[in-house]
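K.L.:
To start, I am sharing the structure in question, which I have written as structure tokens.
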Amino acid sequence: MTYLDRIIERHREVAAADTRSLEDLVASAGSLPPARDFGAALSASSELAVIAEIKRRSPSKGDLHRHLDPVAMATTYAAGGAACLSVLTDAEFFAGSVDDLKAARAATALPVIRKDFTVDPRDVADARLMGADAVLLIAAALDEFELVEFHQLATELGLTALVEVHDEPELELALEAGATVVGVNQRDLVTFEVDHARAERVGRAIPDGVVKVAESGIRDADDARRLAEAGFDALLVGETLVTATDPAATLASLRVAAG
């Protein structure tokens with residue numbers, strides 16, 4: 001099994017044991033004030049937008065910044081010019097938490113995506129209820145019916161859905177589901193190695209009018225420049241920022257002119 005297979009299997013086990021009423025969760029989520037516009041924030045500048053991630057650990061690398069302060073990290077990212085925040089809420093595999101998301105969002109005016117593994121409609125409602133402005137939908141983790149259902153529910157609840165793809169067939173499914181923000185993950189699902197040509201190849205197939213986000217393995221300004229030239233609007237950056245000596249300066253260096 002791949003890392004993703006193991007994580008998704010565990011999340012589906014948890015979802016299967018969840019007896020909460022989806023109808024009640026959706027009603028509660030639907031009564032909240034409007035979310036911050038995650039998609040618009042990624043398109044607001046002529047420079048590459050950076051979604052800066054608050055990430056304590058990863059299954060492949062282990063601890064990255066286990067004892068980070070989400071408030072301090074969020075404000076540092078804002079100072080560096082981040083367009084949005086991404087916060088891991090998975091506790092078992094990434095040492096994240098809902099509290100991390102709430103604290104980070106309260107510390108700035110930036111839109112925040114709940115970075116987690118959405119496998120059930122309750123997960124979408126939960127994202128809205130915990131204060132997220134966007135939700136991650138991983139095409140490789142969902143069947144085409146789930147992808148459409150979860151994307152529709154996110155839209156109904158005022159959330160932006162970032163649909164993550166790894167190849168052209170997944171991109172086709174994302175677009176059929178109505179995705180307006182598509183992330184191309186450069187990490188291979190089987191080996192977990194980063195393929196820096198993947199984003200450029202898949203990105204060329206994303207139509208105009210869809211916000212293009214490059215994910216994983218983005219190390220420096222050279223990577224950012226290459227992705228900007230490939231037509232990407234935004235970068236989602238985690239490990240490079242949480243392990244940087246000066247995260248604000250590192251983030252600022254990634255904000256090169258979009259292609």
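Where a number appears in this text, it was derived from the coordinates with a stated rule and is not lab data. This is a predicted model, so every value here is computed, not measured. Glycine also receives a Cβ, built like all others from the backbone with ideal geometry; neighbour counts cover every protein chain displayed.
K.L.:
Let me check against my output: what whole-number percent is the relative contact order of the chain, with C-alpha pairs under 8 Å and at least 6 apart?
P.N.:
That works out to 22 percent.
K.L.:
Given axes a ≥ b ≥ c from the Cα gyration tensor, I'd like to know whether the chain is rounded (a/c under 1.5), prolate (a/b larger than b/c) or oblate.
P.N.:
rounded
K.L.:
Between GLU229 and ARG6, how high is the FRET efficiency from 1/(1 + (r/R0)^6) when r is the Cβ-Cβ distance and R₀ = 30 Å? Nearest 0.05.
P.N.:
0.25
K.L.:
Apply the Karplus curve 6.51 cos²θ - 1.76 cosθ + 1.60, θ = phi - 60°, to the phi angles in the range 56-65 and return the couplings in whole Hz, x for Gly and Pro.
P.N.:
7, 7, 9, x, 8, 9, x, 5, 10, 7
K.L.:
Same structure again: Using +1 on the beta carbon of Lys and Arg, -1 on that of Asp and Glu, and nothing else charged, what's the dipole of the range 30-145 about the Cα centre, debye to 20?
P.N.:
320 debye
K.L.:
Continuing with the same structure: Simple spin-label model, 7 Å along Cα-to-Cβ: GLU23 to ALA140 in nm?
P.N.:
3.8 nm
K.L.:
Tell me which residues come under 5 Å, amide H to amide H, from VAL184 once H is placed; ignore anything under 5 positions away on its chain.
P.N.:
VAL165, VAL213, ALA214, GLU215
K.L.:
Can you compute 3J(HN,Hα) from phi for each residue in the range 82-97, using the Karplus curve 6.51 cos²θ - 1.76 cosθ + 1.60 with θ = phi - 60°, rounded to whole Hz and x for Gly and Pro?
P.N.:
Those phi angles translate into 4, 8, 8, 10, 10, 10, 6, 10, 6, 8, 5, 9, 10, 6, x, 6 Hz.
K.L.:
A further question on this structure: Within 13 Å, Cβ to Cβ, of SER46, how many net charges do the neighbouring residues add up to if Lys/Arg are +1 and Asp/Glu are -1?
P.N.:
Residues close to SER46 contribute a combined charge of -1.
K.L.:
Then there's this: Compute the Cα gyration tensor for the range 1-146, then decide on rounded, prolate or oblate, letting a ≥ b ≥ c be the square roots of its eigenvalues: rounded whenever a/c is under 1.5, prolate when a/b is larger than b/c in the other cases, and oblate in all that remain.
P.N.:
Oblate is the answer for the range 1-146, as a/c is 1.5 or above yet b/c matches or exceeds a/b.
K.L.:
What is the packing order of peptides 93-102, 192-201, taking the mean over residues of other C-beta atoms within 10 Å and listing the highest first?
P.N.:
93-102, 192-201
K.L.:
List every residue whose amide H lies under 5 Å from the amide H of ALA49, counting only residues 5 or more places away in sequence or on a different chain, with H placed 1.01 Å from N in the peptide plane.
P.N.:
Here ALA234, LEU235 satisfy the definition.
K.L.:
What order, most packed first, do the peptides 236-242, 248-254 have when packing is the mean number of other Cβ atoms within 10 Å of each residue?
P.N.:
236-242, 248-254
K.L.:
Mind ranking 115-121, 40-46, 76-82 by how tightly packed they are, going by the mean number of other C-beta atoms within 10 angstrom, highest first?
P.N.:
Put in order of decreasing packing, that is 115-121, 76-82, 40-46.
K.L.:
With charges only on Cβ, +1 for K and R and -1 for D and E, what is the dipole size of the range 108-259 about its Cα centre, in debye, rounded to 20?
P.N.:
Charge dipole of the range 108-259: 580 debye, to the nearest 20.
K.L.:
Given the C-alpha centroids of the range 199-259 and the range 39-105, what is the distance between them in whole angstrom?
P.N.:
When both Cα centres are located, 15 Å separates them.
K.L.:
What length, rounded to one decimal in nm, is gained on full extension from ALA16 through to ASP69, with 0.36 nm per residue of separation minus their alpha-carbon distance?
P.N.:
Stretched fully, the ALA16-ASP69 segment lengthens by 15.8 nm.
K.L.:
Nothing charged except the Cβ atoms of Lys and Arg (+1) and of Asp and Glu (-1): what's the magnitude of the dipole of the chain about its Cα centre? Round to the nearest 20 debye.
P.N.:
860 debye
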